[in-house]
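Values quoted throughout were computed directly from the atomic coordinates according to the rules given, and no laboratory measurement underlies them. Since this is a predicted model, take the numbers as computed values, not measurements. Heads up, the Cβs are rebuilt from the backbone with ideal geometry, glycines too, and the neighbour counts pull from every protein chain shown.
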Amino acid sequence: MRKFLLFLSVISVGFIFIGRLFYLQVYTASEHDLFLDNAIRKVYDYPKRGFVYDRNGELLVANQPSYDVMVIPREVDSFNIEEFCKLLKIDTVQYNKTLKQATNYSPRLPSVFVSHLSKEDYAVLQEKMRKYEGFYIQKRSLRHYQRSIGANVLGDIGEVNSRDITSDSYYTMGDLMGKQGVEASYEDILRGVKGLKFIQKDRFNRDIGPYKEGKLDILPEQGKDITITIDAKLQEYGELLMQNKRGGVIAIEPATGEILAMVAAPSYDPNILVGRNRSKNFTKLYNDKKANPLFNRSLQGQYEPGSPFKLMNALIGLQEGVITPHETVTCYAGYRYGNRFMKCHCYIGRRNNMISGIQESCNAYFATVYRKILDKNGNASDGIDVWSKHAKSFGLGNFLGYDLKVGQPGRIPDRNYYKRVYPNTFYSTYTISNAIGQGEIATTPIQLANMIAAIANRGYYYTPHIIKSIDGDTIPKKFTTRNYTSIDKQHFEPVIEGMHQVYKNGTAKWLQVKDIDICGKTGTVENFTRIDGERKQLTDHSIFVAFAPKENPKIAIAVFIENGYWGSRFAGKVASLMIEKHIKDEITRTDLEDWLLRYGLENEYEKPYSGKPFNINDKTIVHPVDDLEYERLKKRLQQFKN
């Protein structure tokens, strides 16, 4: 029996070696020879890229045919280069430069020589390609964006670079990949899998048909369709309201964490980054350093949050037990600490509790609360860590973990942060600006929207995300898991009532919307820049955060408008209109709508470049757009409503 087993083992090992040798010397060698054989042309068969739909099933991104002229450098023979260049609409300098680049990449592998031919150019060139050995035409798909909206959301696709090829072997020179937005975040899903065709050539280098009747060809796999959380109508409406302004708007559904709208202003039509003019248009956008349209302000803009952060200090104060909702603080038109004075717009002698403090945005009230938090245990260095930990539990001070590739972490300072300035110890008055959301705090619009969603939910949030479904599959679990804050549920009610009173009787009372209970908070943030090396103050930023309805909220929103004066002047109007649009799908506050179309902020943005003295925060002047621009926007609004 042992001899038999030994014999069987020897035979088995022998077969394994023979099989392996056959695989290495016959199977793989044959496959390898296909790529080296000059008589066989290898052509990638590019799959159709997956479609992108909005949350209501509206098609946002489709495909359109495109044609690339490909080159295999070592197969290029002599021909009339001038004639060829004329057909391609290039000059001989570009011809030689591109051929050299293709040769450096690989003499035997195909590279894109000229991309994105029009149908007309393709029709003319196709008949003459046999004259130009080493070149052939390859069909592929380009994106077709169905609307001129959502450039910062959808992103675009562009040609891979050497770094992309090195990091992912799937790509070869000339391939396209998602560069920004959803196209980049879900590239692996949208791109599909390339196929490969082997074409037999005759001795005159002409194609004579599939090699071995196509038996060795690899079929492409089409990319998967995805549905994103964006409401295309709300997105378009937000972008229209933000015309002639700069800033970011984020709207989130509190019950799911789904991003309903993500507006970055100024924006651009995503279709201008498609086709042969992509490079030229991208360069133009990139070089616009004033408006910076490629900068996604809704995700990347880091700003002091201003008064909306008072909501956070109220919650932390309640959780730490240093204040009660009914305890009052007397305001003397501001708050004095040491020999300094923090101004407030409350009248002298006004007594505010938590609800009225939020309603009137009282600086003295929140400076008092902040100091009590830090000084609770007699050591502000310990207190700042407690304060910081609570704030970070709302997703502030980090990237949140959303599924878009760009962003900024913001900043919630703690003891370690202040050690650089105060190496031994510090007092609560040293960081008093944090009480009103200024000083060292920095947030992005998406972080503020998420903070408001957590307040609307009374203590938890879902990680904000842009993906709703992938060909019907479920989305990653991290987007359906609740993240709990460190604040107990009962502490949210007085804060929410304060936000409700902001609309009823406070700083946003002129922005009420009929039949919708909105809870909001205005914010105004000082704004500085450097002009000729000197620090200069510009007109304040306008901030507004809100959710609605008060019970069972459907939307949480953060609006940040650069140089917008104060919270209710620009940002509050945008927020109220977008809330009404989302909840009622109709607009009753057409007065706010018309005001936002009529008035812009381009004059404010030009002040630092004018070389002339300028005023800031002028309460009496807001500049209207010219009549032609106003009529254009009104027409666009009417088309949108129809």
*Can you tell me the FRET efficiency between Asn642 and Lys504 if r is taken as the Cβ-Cβ distance and R0 is 35 Å, rounded to the nearest 0.05?*
0.55
*asked:* Counting other C-beta atoms within 10 Å, and keeping those with at most 11, which DSSP coil chymotrypsin sites (Phe, Trp or Tyr not before Pro) do you find in region 188-258?
replied: Phe204
_Please report Rg (one decimal) and Dmax (integer) in Å for the Cα set of region 244-306._
14.2, 44
*List the aspartates and glutamates whose Cα lies under 19 Å from the Cα of Lys489, skipping any in the same chain that are fewer than 8 positions away.*
Glu320, Glu497, Glu551
_lysines with Cα under 23 Å of Lys224, excluding same-chain neighbours fewer than 8 positions away_ = Lys48, Lys139, Lys179, Lys194, Lys197, Lys405, Lys468, Lys477, Lys478
*Packing-wise, with mean Cβ within 10 Å as the measure, how do 86-99, 52-65 rank, highest first?*
52-65, 86-99
*Counting only residues 5 or more places away or on other chains, whose amide H sits under 5 Å from the amide H of Gly247 once H atoms are built in the peptide plane?*
Ala265, Glu562
*With the Cα gyration tensor of region 47-155 giving a ≥ b ≥ c as the square roots of its eigenvalues, does the rule (a/c under 1.5 for rounded; else a/b larger than b/c for prolate; else oblate) give rounded, prolate or oblate?*
prolate
*Lysine pairs in region 514-606 8 or more apart or on different chains: how many have alpha carbons under 27 angstrom apart?*
18
*log₁₀ I(q)/I(0) of region 244-395 at q = 0.13 Å⁻¹, via Debye over equal Cα point scatterers, no solvent, to two decimals?*
-0.79
_What FRET efficiency comes out for Asp585 versus Arg420 if R0 is 41 angstrom and r is the Cβ-Cβ distance? Round to the nearest 0.05._
0.20
*Taking the Cβ-Cβ separation of Ser118 and Asn281 as r and a Förster radius of 22 Å, what is the calculated FRET efficiency to the nearest 0.05?*
0.85
*Take peptides 506-516, 173-183 and line them up by average Cβ neighbours within 10 Å, highest first, as a rough protection proxy.*
173-183, 506-516
*Once amide H atoms are placed 1.01 Å from N in the peptide plane, what residues at a sequence separation of 5 or more from Ile137, or on another chain, have their amide H within under 5 Å of its amide H?*
Met70
*Sorted by mean Cβ packing within 10 Å, highest first, what order do the peptides 554-565, 536-547, 602-613, 455-466 take?*
554-565, 536-547, 455-466, 602-613
*Report the antiparallel proportion of the DSSP beta bridges in the chain as a percent, rounded to a multiple of 5.*
95 percent
_Between region 320-361 and region 587-610, what is the separation of their alpha carbon centroids in Å?_
32 Å
*Would you work out if region 393-530 is rounded, prolate or oblate? Take a ≥ b ≥ c from the square roots of the eigenvalues of the alpha-carbon gyration tensor; rounded if a/c is under 1.5, else prolate when a/b is larger than b/c, oblate otherwise.*
oblate
*asked:* Give me Rg/Rg_expected for the chain, where Rg uses Cα atoms only and Rg_expected = 2.2 N^0.38 Å with N residues.
replied: 1.20
*Return one number: the angle in degrees, 0 to 90 and rounded to the nearest 10, between the long axis of the Cα atoms of helix 380-392 and the longest principal axis of the Cα atoms of the chain.*
50 degrees
